[in-house]
1. Which whole-number percent gives the relative contact order of region 324-421, counting Cα pairs below 8 Å spaced six or more residues apart?
2. So which of K39/K332; K117/K165; K124/K194 end up more than 29 Å apart, counting from Cα to Cα?
3. Once the Cβ-Cβ distance between L336 and M453 is put in as r, and R0 is 30 Å, what FRET efficiency do you end up with, to the nearest 0.05?
4. Once you order the gyration tensor axes a ≥ b ≥ c over the Cα atoms, which shape class does region 343-392 get: rounded for a/c under 1.5, otherwise prolate or oblate by comparing a/b with b/c?
5. Can you work out ³J(HN,Hα) from phi for every residue in region 428-443, in order, using Karplus 6.51 cos²θ - 1.76 cosθ + 1.60 and θ = phi - 60°, giving whole Hz and x for Gly and Pro?
6. Mind listing which trypsin sites (Lys or Arg not before Pro) in region 136-186 are in a DSSP loop and have 13 or fewer other Cβ atoms within 10 Å?
7. Do the sum for the chain: with -39,500 (n - 2.57) for every DSSP H run of n ≥ 4, divided by all residues, what is the mean residue ellipticity at 222 nm, to the nearest 500 deg cm²/dmol?
8. Could you give each residue of region 129-142 its phi-based ³J(HN,Hα) in whole Hz, using Karplus coefficients 6.51, -1.76, 1.60 with θ = phi - 60°, and x for Gly or Pro?
Amino acid sequence: MTYSKKLCFLCCLLLLTGTALHAQTFAKAEGQMTASTGKNTPLWLNANKYGLSSLEKANGYLRAGLFRSMECDSLRRWAIGYGADVAIAKGFTSTVVVQQAYADVRWLKGLLTVGSKEQPMELKNQELSSGPQTLGINARPVPSVRLSLPDYWIVPYTRGWLGVKGHIAYGMQTDDQWQREFTTAPHKRTEHAKIHTKAGYLRIGKEGKPVSLELGLEMACQYGGKTYKEAALRSTDYIVIENKDGIKGMIDAFIPGGGDTNEGIYSNMSGNHLGSYLIRLNMDFDQWYLGLYADHFFEDHSQMFFIDYDGYGEGSEFNEWKHNRWFIYDLKDIMLGAEVRLKNQRWLNNIVIEYLYTKYQSGPIYHDRSYFMSDHVAGRDEYYNNYMQNGWQHWGQVMGNPLYRSPLYNDDHEIHVRSNRFWAWHIGLGGTPSDNLHYRLLVTWQRSWGSYMLPFLSPERNMSLLAEADYHFPTGSRLQGWAVKTALGADYGKILGNNTGVQITISKQIDIK
């Protein structure tokens, strides 16, 4: 079956299925084509698209989906929603992509989601931000069982001044085959890796009041599965390590504890733990809105608590707590952002500015206590990397902020984030000149030192640009439901190379009555 015939069959099947469904169910078909010059697709034509993207210079997909929103049951105590979203791709990491396949069941405020679903980023602008550092929108969704409070629930007896929301989820990565095909021995890979995520957000301020404060904690853990590592120096053979799995692995992922296989006396925690502290101040008035926010990322205790125990004994007592001595770490690594919305303007009504700094990572020195030296300093955090798991990535794309260069860029086919020590400035502009036309502009400057383990010989720079316009044909016209999006992107510099590209997306949505 040819490429075009596959899409026609997929769209017809979805539309025929949809005719028997309830109101507010809709089907959507979409085609996208990207062409670039240079080595890769430019960053902002590839990043923050939930992994449905490619670095290949010429790529494209045909996509069809069928969805039912829970808004259909908005007046009921319970609600049901679902989605099936499949793409047939060319130049991607796989030809057939099951992008979304999920079911939602809501009871009062609680929501249970089973399957792969694109979840929006929290406390940041969905289209203009460079992206969160922990729970981002840059990689393919991970099939999960997720229990959540998606909207703020007002805490009783607080007179509406306190709201909470959050989620807990367990899932499993689906990129085993891609890892086998991408890596070459003896580069490490992990099969059947599980993922646990959890997040909690607290809002202080009454709904409808102009000023509110939001605080958040996002955490994640990769655990379990089998790790294939180099058997010996310069060997092409692998050794296979069985990571902690099952109920015990789930518990140690939820409450960080235990230790990885073969860690011995230096046992730390089981799995790859990471997370972010979030804060956002909202000032929402009649004519304008201002949001100020921060996102501090951590990979272990040193940047999570900024303090670590350093009072071990000497000699044979090197692994015992003996003294009241601690090591204090600095708060340097952080994303700072501001968002402005001009409610009565059309041509320019949304502005986002972000600064991201990740160079510190608890310092350049890591030393665990030993028989000859009891000092314990836990530096070199190596953001997004892990010595047992394959780091914070899925299908080669980092699952956080895409300014951490994804493993897909690596010519040596090693699943490793090579550029994780950098500073960057990011600006996003958006506007709606007419009811049917919307645009956005992104500009990002970055300077990177590589990583502590593999530093660049000299700092490398990069600038990435995006200009995108999205036109929806008017309601009542012959082309109602159709939309055309055109984007131009470019990269300049050594981090990503010199790339220019154009991307055209055509979509059609049909509401099923």
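1. Working: 137 pairs, mean separation 17.4, N = 98.
The normalised contact order for region 324-421 reaches 18 percent.
2. Going by Cα-Cα distance, K39/K332 fall outside the 29 Å limit.
3. 0.65
4. Verdict is prolate for region 343-392.
5. x, 10, x, x, 10, x, 9, 4, 10, 10, 9, 9, 8, 10, 10, 9
6. Passing sites in region 136-186 are R159.
7. Calculated at 222 nm, the ellipticity per residue is -2000 deg cm²/dmol.
8. After applying 6.51 cos²θ - 1.76 cosθ + 1.60, I find 6, 6, x, x, 8, 10, 9, x, 10, 8, 10, 4, x, 9 Hz.
The values are calculated or read from the model by the stated rules, or taken from the named source; none is laboratory data. Predicted model, so just to flag it, every value in this text is computed and none were measured. So basically every Cβ, Gly included, is an ideal-geometry build from the backbone, and we count neighbours across all protein chains shown. For the accessible areas, the whole protein counts, side chains as well, though only heavy atoms, and no ligand, DNA or RNA atoms are used. Shrake-Rupley method; radii C 1.70, N 1.55, O 1.52, S 1.80 Å.
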